[in-house]
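Below you will find the structure I want to go over with you.
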Amino acid sequence: MKTSVHHKMQKIMRLAALCLVLGIPTPGGAQAADPWFAPLPEKLPKPQHLDHGADNFYQSKLVTMKPVIFKNQFDMKVAGNLYIPKDYKKGEKRAALIVGHPMGAVKEQSATLYAQKMAEQGFITLAVDTPFWGSSEGTPRNSVLPDLYSEAYMAAVDYLGTRPFVDREKIGAIGICGSASFLVSAAKIDPRIKALATVSMYDMGAANRNGLHHSFSLEARKAYLKAAAEQRYAEFEGASHKLMGGTTHTLTKDTDSIQQEFYDYYRTTRGAAKGRGQDMNTTTHPTYTSNVKFMNFYPFDDIETISPRPLLFITGDQAHSKEFSEDAYRRAQEPKELYYVKGAGHVDLYDKTELIPFAKLTDFFKKELQ
């Protein structure tokens, strides 16, 4: 009997930790006991693991970076970092790639690493901040609006396709974590995205509706929706915007392994992008009332309509999130490929350059954007 109770409590603890990582509240709408929003220390801790060449803030000597601002279809300013190979010759029109950052992050987290590495292979690349995050416009900050996220990437196509150095018939995209699902959503309705690769993809709709491995019950989801709806009244009458979930700011002996994985990136010198357009104390913490928008987000519905444009799904074979890449692959039509990186977890593919299959990405886009 005691063993049964113990296993049940362990399951509840794991569920609570997974919900918090995903940015959704624990069952019943309870708030985390952990001090999520305690200010980060001036001197950030060092990461626990820096193996496999982790290099989030990599700066290439082979490319030129230019900060750019362009508008989306709704006249909101979208910020990006444009990378041009130094061997570019005036008059050339090159293939280009848009790169999206993980959900709740900024372009300087993972996206600019990928953008530089792919620019070194000859592509024009553009790392983009989604609206409400980083240096892009949008208030309240940290808001969730999946359609507007996808629109930002379509606006990036607008921008790249009107540059004299880009061949507008050769524009592809790389989505990392949550941005992968936003780019899938964009590619379904924007045929100008000629090829798409996803890395460590999260289906942000399914993750919030169901949790990992369907660990979030319908009852818990309804309890959150009720609490979020009540919070709207408070904010309508002037209360400050409530934040929720995301990556913990502190580690304890009881911290879940997935939380440890995200903490090691977002809350340490490894990946905390201090001073880069976002309050790093609130990175990965969406607003409580807007996060409900993910419940209506179904990026994999009609994914088959992207065909015959090619899809490459990359995930670690140890990644807690691999179910999403596998689901998308099952639903998509040819041409498609599901590629497992041996020994890699979810966050490993954010910045561990010895694990990230840049050669695979290069071959894919050189073939498909030729």
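Bear in mind these aren't lab numbers, they're just calculated from the coordinates by the rules spelled out. Everything numeric here is computed off the predicted structure, so don't read it as measured data. So basically every Cβ, Gly included, is an ideal-geometry build from the backbone, and we count neighbours across all protein chains shown.
Could you state the angle between the C-alpha long axis of helix 322-331 and the longest principal axis of the C-alpha atoms of the chain, as a value from 0 to 90 degrees rounded to the nearest 10?
So the helix axis and the longest Cα principal axis differ by about 60 degrees.
May I ask which of Lys226/Lys342; Lys194/Lys226; Lys107/Lys336; Lys90/Lys322; Lys43/Lys222 have a Cα-Cα span longer than 31 Å here?
Those over the limit are Lys226/Lys342; Lys194/Lys226; Lys90/Lys322; Lys43/Lys222.
Going through the stretch 197-262, which GluC sites (Glu not before Pro) have at most 12 other Cβ atoms within 10 Å and a DSSP loop state? The partial results should precede the final answer.
Working: sites: Glu219, Glu230, Glu235, Glu237, Glu261; in loops: Glu237.
Of the GluC sites (Glu not before Pro), the ones in loops of the stretch 197-262 whose Cβ has at most 12 other Cβ atoms within 10 Å are Glu237.
Sticking with this one: So who's got an amide H within less than 5 Å of the one on Gly316, skipping anything under 5 residues away but keeping other chains? H placed 1.01 Å off N, in plane.
Under 5 Å from the amide H of Gly316 lie the amide H atoms of Ser200, Val341, each far enough along the sequence or on another chain.
At most 14 other Cβ atoms within 10 Å and a DSSP loop assignment: could you name the trypsin sites (Lys or Arg not before Pro) in the stretch 239-290 that fit?
Working: sites: Lys242, Lys253, Arg267, Arg270, Lys274, Arg276; in loops: Lys242, Lys253, Arg267, Arg270, Lys274, Arg276.
The qualifying sites are Lys253, Lys274.
For the stretch 291-301, in order, what is each residue's ³J(HN,Hα) by Karplus, 6.51 cos²θ - 1.76 cosθ + 1.60 with θ = phi - 60°, in whole Hz (x at glycine and Pro)?
Result, ordered by residue: 4, 4, 4, 5, 5, 9, 9, 10, x, 8, 5 Hz.
Tell me, what ³J(HN,Hα) does each residue in the stretch 357-370 have, in order and in whole Hz, if you take phi through Karplus 6.51 cos²θ - 1.76 cosθ + 1.60 with θ = phi - 60° and put x for Gly and Pro?
Karplus-based 3J(HN,Hα) across the stretch 357-370 equals x, 4, 5, 5, 4, 4, 4, 4, 6, 5, 6, 7, 10, 6 Hz.
Here's something else I'd like to know. I need Met118, Met244, Met280 ordered by Cβ neighbour count within 10 Å, fewest first.
Final ranking by Cβ density, sparse to dense: Met280, Met244, Met118.
Hey, another quick one. Can you say what percent of the DSSP beta bridges in the chain, counting only those with both residues inside, are antiparallel? Round to 5.
Within the chain, antiparallel bridges account for around 35 percent of the total.
List Glu326, Glu354 from most exposed to least, where exposure is judged by having the fewest other Cβ atoms within 10 Å.
In order of increasing Cβ crowding within 10 Å: Glu354, Glu326.
Moving to a separate point now. Tabulate in residue order the Karplus-calculated ³J(HN,Hα) for the stretch 335-345, using 6.51 cos²θ - 1.76 cosθ + 1.60 with θ = phi - 60°, rounded to whole Hz; enter x for Gly and Pro.
x, 8, 8, 10, 10, 9, 8, 5, x, 9, x
Where nothing but the Cβ of Lys and Arg (+1) and of Asp and Glu (-1) is charged, how large is the charge dipole of the chain around its Cα centre, in debye to the nearest 20?
Working: 46 positive and 41 negative charges, 83 e Å.
For this selection, approximately 400 debye.
Ok, one more. So what is the 222 nm mean residue ellipticity for the chain from helices alone, if each DSSP H run of at least 4 adds -39500 (n - 2.57) and you divide by all residues, rounding to the nearest 500 deg cm²/dmol? Display every interim value, and only then the final one.
Values: 10 runs with 119 residues, N = 370.
That comes out to -10000 deg cm²/dmol.
Specify the residue with the greatest mean-square fluctuation among Ala223, Ala96, Ala197, computed from a Gaussian network of the chain linking alpha-carbon atoms under 10 Å apart.
Comparing Ala223, Ala96, Ala197 in the GNM, the peak value goes to Ala223.
Among Ile303, Ile98, Ile314, Ile189, rank each residue by its count of other Cβ atoms within 10 Å, from fewest to most, as a rough exposure measure. Intermediate values should be presented prior to the final figure.
Values: Ile303 22, Ile98 29, Ile314 26, Ile189 12.
In order of increasing Cβ crowding within 10 Å: Ile189, Ile303, Ile314, Ile98.
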